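Notes for the one structure printed next.
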Amino acid sequence: MSHHLRLGVNIDHVATIRNARGGLHPDPVRAALLAAEAGADGITAHLREDRRHITDADLDALIGSISLPLNLEMAATDEMLGIALKHRPHAACIVPERRAERTTEGGLDAAGQHNTLAPIIARLQDAGIRVSLFIAPDLHQLEAAAKLGAPVVELHTGPYSHALADADVAAELARLHRAAEHGASLGLEMHAGHGLTFDNVGPIAAMPQLAELNIGHFLIGEAVFTGLGPAIARMRAAMDAARA
Ligand code: PXP
């Protein structure tokens with residue numbers, strides 16, 4: 001049996017629902033506290049440049065209330081760097097927000113953006129924040145991430161999650177496998193996420209190189225039907241079953 005696979009629960013879409021009305025309900029901090037009780041190992045939140053889901057006030061409240069490690073997803077901008085340095089989350093995952101920052105597969109263009117990313121990664125690391133880069137399962141991007149000195153990469157599972165034909169699913173899984181192996185051989189801590197569900201998490205959770213999955217949208221949607229605690233517990237069980 002391989003080491004424990006951490007589950008980071010992304011609470012952004014609790015804020016999306018709240019923001020549809022304004023006001024205070026549902027509260028992403030309450031979701032984060034419930035996620036901790038239900039077996040999450042970390043809380044993930046993406047403070048977007050457009051503040052589409054969580055807000056600066058949510059981030060303040062999360063930092064003040066949760067005991068789990070916070071993984072702040074952020075664009076590689078001076079504004080977000082300043083916010084990260086002020087709050088000092090456990091981890092910061094750099095994600096692309098604009099077209100020019102991403103590869104065709106939707107991950108961060110770690111290779112093409114080297115000169116933008118290098119100083120931001122250095123400042124985050126100097127502040128003791130564990131940096132991860134959200135990249136496509138592409139060997140070239142993995143090598144660029146290693147060259148940038150990022151200790152962690154998160155593999156983008158979106159294309160795998162969205163694939164419909166069996167052959168496409170198999171091809172995306174094969175790419176993820178190769179990337180997980182190659183990243184581990186470069187000494188990178190490997191995470192994965194985007195679009196994961198009860199039905200598609202198994203083959204990802206089974207990859208022994210992975211240390212953490214970050215899952216949000218499906219869990220918040222499923223919470224409508226079963227409640228957030230049971231949805232997280234079922235995801236945890238599906239991950240453990242795949243690892244056993
Ligand atoms: N990982 C990263 C880097 C992300 O940007 C997201 C989406 O915010 C996720 C994981 C979670 O994806 P989903 O909400 O589809 O589970």
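The values are calculated or read from the model by the stated rules, or taken from the named source; none is laboratory data. These numbers come from a predicted model, not from an experiment. We place every Cβ from the backbone using ideal geometry, glycine too, and count neighbours over all the protein chains shown. Please note that ligands, DNA and RNA were not included when accessible areas were found on the heavy atoms of the full protein model with its side chains. Shrake-Rupley method; radii C 1.70, N 1.55, O 1.52, S 1.80 Å.
One table, with the values for the structure above:
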read-out: Any hit, the range 139-154, residues being basic (Lys, Arg) and in a strand (DSSP E or B); value: no
read-out: Residue, most open to solvent (accessible area, probe 1.4 Å), within the range 41-57, restricted to residues that are over 13 Å from the mean Cα position of the chain (by Cα) and aliphatic (A, V, I, L, M); value: 57
read-out: The range 208-224: number of residues that are assigned to a helix (DSSP H, G or I), touching a helix residue (DSSP H, G or I) at 6+ places or on another chain (Cβ under 8 Å) and more than 10 Å from the ligand (Cβ to nearest atom); value: 2
read-out: Which numbered condition residue 60 fails, given (1) within 25 Å of residue 126 (Cα to Cα); (2) under 19 Å from the mean Cα position of the chain (by Cα); value: (2)
read-out: Residue, least open to solvent (accessible area, probe 1.4 Å), within the range 7-30, restricted to residues that are among the aliphatic types (A, V, I, L, M) and away from the ligand (no atom under 13 Å from the Cβ); value: 29
read-out: Tabulated pairs, the range 201-228, first in contact (Cβ under 8 Å) with a residue 40 or more places away in the chain, second within 10 Å of the ligand (Cβ to nearest atom) and charged (D, E, K, R), C-beta under 7 angstrom, 6+ apart or interchain; value: 214/154; 216/12
read-out: Of all residues in the range 183-207 being open to solvent by less than 50 Å² (accessible area, probe 1.4 Å) and part of a helix (DSSP H, G or I), the one that is farthest from the ligand (Cβ to nearest atom); value: 184
